[in-house]
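**Q** Structure below; questions to follow.
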Amino acid sequence: MSLSAGQGPLRQRMLAKAIGDVFMYRLYGVEDFANLVVHMALEELGVPYEAVFLDEPAGALKTPAHLARHPLGLVPALETPDGVIFETGAILLWLADRHGGLAPAAADPQRGAFLSWYVFTNNSLHTLSMDLIHPYRVAGDALARAVAEGAHSRLNERLMVMEAQAARRPDWLRPEAPGVLGLYLSMLLRWVKAFAYAPDLAISAQDYPALHAIAAACETRPAVMRAAAANGLSGRFFTAPEV
Ligand SMILES: N[C@@H](CCC(=O)N[C@@H](CS)C(=O)NCC(=O)O)C(=O)O
């Protein structure tokens, strides 16, 4: 083994090969940020990983070391045998594809439907949730309330669409076997309740019974509870988050 591989991912890949392809994922995050859902997926998969919590207020996301992992200096970022991956949606899908079990596989007839709703969740529900939580980022402080109100109403419209799909109980979105999509939706339901820009704009999971059933099932899964605890969360952290 070449010593020039240093201590980085290349050396880890070589070491993993040397010990029989057991790779220790490394998840970079901040407590209770979007890395939470990746943490839950890693626990559900039962693969070896280490969670690294960065000190965001101290500027740890904008250091050269972290910018080398994530070009925008955000979390999550996941060190994998194939290099570092960023973007929550990409990481979850990569893990599901690599290890199986948390989403329909590429050749599964249900893959297309799953992907449609998964991408909808990632690019629409996730983005609107961020606008509800941080509306000042969109148009400054003066317009923050208006942006948050717009996000609130669009989110409710789209959650109703997602609710109708969840009520059909497809194999890839059921309370008994939530997969990456159920975990993702559960985290977003936490966010829109706990972190909305103003209390009157908070969205309650209880308003969406099929989605609520998924989140309620997720928050009692042992693997999910382990990841939640590592992020400082307990109780009904998805369906009735404490703020
Ligand atoms: N689209 C990205 C968004 C990542 C993102 O905004 N992460 C937030 C935490 S939820 C973050 O790192 N915030 C720190 C900052 O804005 O400096 C993803 O899904 O990974």
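**Q** Under the condition of being surrounded by 20 or more Cβ atoms within 10 Å (Cβ to Cβ) and small (Gly, Ala, Ser), which residue from the stretch 34-50 is farthest from the chain's Cα centre (by Cα)?
**A** It comes out as Ala41.
**Q** Residues of the stretch 208-223 being part of a helix (DSSP H, G or I) and touching a Leu at 6+ places or on another chain (Cβ under 8 Å), which ones?
**A** Answer for the stretch 208-223, where residues must be part of a helix (DSSP H, G or I) and touching a Leu at 6+ places or on another chain (Cβ under 8 Å): Leu211, His212, Ile214, Ala215, Cys218.
**Q** Would you confirm whether or not the stretch 86-102 contains a residue that is aliphatic (A, V, I, L, M) and more than 16 Å from the chain's Cα centre (by Cα)?
**A** no
**Q** Taking only pairs six or more apart or across chains, which ones have beta-carbon atoms under 8 Å, a first residue in the stretch 52-72 that is among the β-branched types (Val, Ile, Thr), and a second residue that is away from the ligand (no atom under 11 Å from the Cβ)?
**A** Val52/Arg26; Val52/Leu27
**Q** Which number in (1) more than 10 Å from the ligand (Cβ to nearest atom); (2) in contact (Cβ under 8 Å) with a residue 40 or more places away in the chain; (3) within 17 Å of the chain's Cα centre (by Cα) marks the one condition that Pro81 misses?
**A** Result: Pro81 fails condition (3) only.
**Q** Taking the options Leu201, Leu188, name whichever one is at pLDDT 95 or above and buried (at least 22 other Cβ atoms within 10 Å of the Cβ).
**A** Among Leu201, Leu188, only Leu188 is at pLDDT 95 or above and buried (at least 22 other Cβ atoms within 10 Å of the Cβ).
**Q** Within the stretch 85-104, take every residue that is surrounded by fewer than 16 Cβ atoms within 10 Å (Cβ to Cβ) and in contact (Cβ under 8 Å) with a residue 24 or more places away in the chain and give me the one that is farthest from Val22 (Cα to Cα).
**A** Selected residue: Gly101.
**Q** When residues of the stretch 51-65 are filtered for being surrounded by fewer than 18 Cβ atoms within 10 Å (Cβ to Cβ) and either in contact with a helix residue (DSSP H, G or I) (Cβ under 8 Å, 6 or more places away or on another chain) or modelled with pLDDT under 95 (or both), how many remain?
**A** 1
**Q** Continuing with this model, one more query. Which of the residues that make up the stretch 224-243 are over 26 Å from Gly150 (Cα atoms), part of a loop (DSSP other than H, G, I, E, B) and not hydrophobic (A, V, I, L, M, F, W, C)?
**A** The answer is Asn231, Gly232, Ser234, Gly235, Arg236.
**Q** Check the stretch 232-242 and report whether any residue there is of a type in the set (Ser, Thr, Tyr) and more than 22 Å from Tyr118 (Cβ to Cβ).
**A** Yes: one or more hits.
**Q** Does any residue in the stretch 132-154 that is over 16 Å from Lys193 (Cα atoms) and free of Cβ contacts under 8 Å to residues at least 40 places away in the same chain come within less than 6 Å, Cβ to Cβ, of a residue that is assigned to a helix (DSSP H, G or I) and of a type in the set (Lys, Arg) six or more places away or on a different chain, and which pairs are these?
**A** Here the result reads none, with nothing in the stretch 132-154 linked to a residue that is assigned to a helix (DSSP H, G or I) and of a type in the set (Lys, Arg).
**Q** Out of (1) touching an Asp or Glu at 6+ places or on another chain (Cβ under 7 Å); (2) surrounded by fewer than 22 Cβ atoms within 10 Å (Cβ to Cβ); (3) in a helix (DSSP H, G or I), what's the single condition that is false for Arg158?
**A** (1)
**Q** While we're here: When only residues in the stretch 110-155 that are of a type in the set (S, T, N, Q) and within 20 Å of the chain's Cα centre (by Cα) count, which is farthest from the ligand (Cβ to nearest atom)?
**A** Ranking the candidates gives Ser116 first.
**Q** Shifting gears a bit: Can you find a residue that is part of a strand (DSSP E or B) and either out of contact with any strand residue (DSSP E or B) (no Cβ under 7 Å at 6 or more places or on another chain) or not basic (Lys, Arg) (or both) anywhere in the stretch 194-205?
**A** no
**Q** Which one is nearest to the ligand (Cβ to nearest atom) among residues in the stretch 62-78 that are farther than 15 Å from Ile91 by Cβ and part of a loop (DSSP other than H, G, I, E, B)?
**A** Among residues in the stretch 62-78 that are farther than 15 Å from Ile91 by Cβ and part of a loop (DSSP other than H, G, I, E, B), the one nearest to the ligand (Cβ to nearest atom) is Gly73.
The values are calculated or read from the model by the stated rules, or taken from the named source; none is laboratory data. Everything numeric in this text was worked out from a predicted model, so none of it was measured. Here the Cβ is made from the backbone with ideal geometry for all residues, glycine too, and neighbour counts use every protein chain on show.
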